[in-house]
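Report on one structure; see the data block that follows.
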Amino acid sequence: MRKLIVGNWKMNGSLASLAEIDAIAQAGQDYPKVDVGLALPATLIAPAAAHAGGLIIGAQDVHARPSGAFTGSLSAAMLCEAGARLTIVGHSERRAMQGETDADVQAKAMAGLAAGLHVILCVGETLAEREAGHAESVVASQLELSLPGDADPAKLAIAYEPIWAIGTGKVASVADVAAMHAAIRAKLAELTGPRAAQFRLLYGGSVTADNAPGLLATADVDGALVGGASLTAANFVPIIAAAAL
């Protein structure tokens, strides 16, 4: 299975950042067996798409409806027109800060897929849920309620992002990641049958050049959703290189 490495720039970047995007796109050509993407602020999608080369340019969110009175939102068709090829849905920051439910996330995933976008569906537990021994059940429930029923593994990936490890510098142990990814794969088998083996499972949570080799060599880890380390080519390209090993 081809590895997928996607950077999530969150609310970072400006037109001056196109130089970094160019550098990432150029370096990514050295690793043809790895799929590489950047989920950018909406203001950068169109200009970045013009610079992308083989880089997959994406969005960080999408609205579930095709149009209407949804101030500040962007539909899947709008993102496609701007040059996006993928979108993230269900990131923990949106679940927490915007109150998105599993039903909201599922509707967004369905809208993105229907418009032809690739979708990265995020799931993950809080530290309190992990310490209470509920991590796997929480993630399994999110997956069951967020996953479109007819999801195509060629178009949808699952990103496991332990909330307590996002932007904190903390990283789940390789053993914890392996256990959770195995649990996600098992839940996918329950939900989708034989298709389960074809979904790419990404790890997201303070991924860096230092920990990427170990994480990406872990069973059932088919790539990474990278935060702060994706903002510069100097920090992001070594993670791409680790995925090519």
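Rule-based calculations on the coordinates, nothing more; no lab input. Quick caveat, the model's predicted, so the values are computed rather than measured. Counting neighbours? That spans all protein chains shown, and the Cβs are built from the backbone with ideal geometry, glycine included.
Annotations
- The packing ranking, built from the mean of other Cβ atoms within 10 Å per residue, places the peptides 2-8, 38-44, 145-151 in the order 2-8, 38-44, 145-151, highest first.
- Spatially proximal lysines relative to Lys155 (Cα-Cα < 26 Å; intrachain offsets below 8 disregarded): Lys3, Lys10, Lys33, Lys108, Lys187
- Peptides 21-31, 112-122 ranked from most to least packed give 112-122, 21-31, packing being the mean of other C-beta atoms within 10 angstrom over each peptide's residues.
- Environment charge of Ala234, counting only residues whose C-beta is closer than 14 Å and scoring Lys/Arg +1, Asp/Glu -1: -3
- Full extension of the chain segment joining Ser14 with Ala103 gains 28.8 nm, where the gain is 0.36 nm per residue of separation less the Cα-Cα distance.
- The chain, relative contact order [Cα under 8 Å, separation at least 6], %: 22 percent
- Fully extending the segment from Ser137 to Gln29, taken as 0.36 nm per residue of separation minus the present Cα-Cα distance, adds 35.0 nm.
- Fraction of beta bridges assigned by DSSP in the chain that are antiparallel (%, nearest 5): 0 percent
- Alpha carbon centroid spacing (whole Å) that separates region 47-71 from region 194-245: 22 Å
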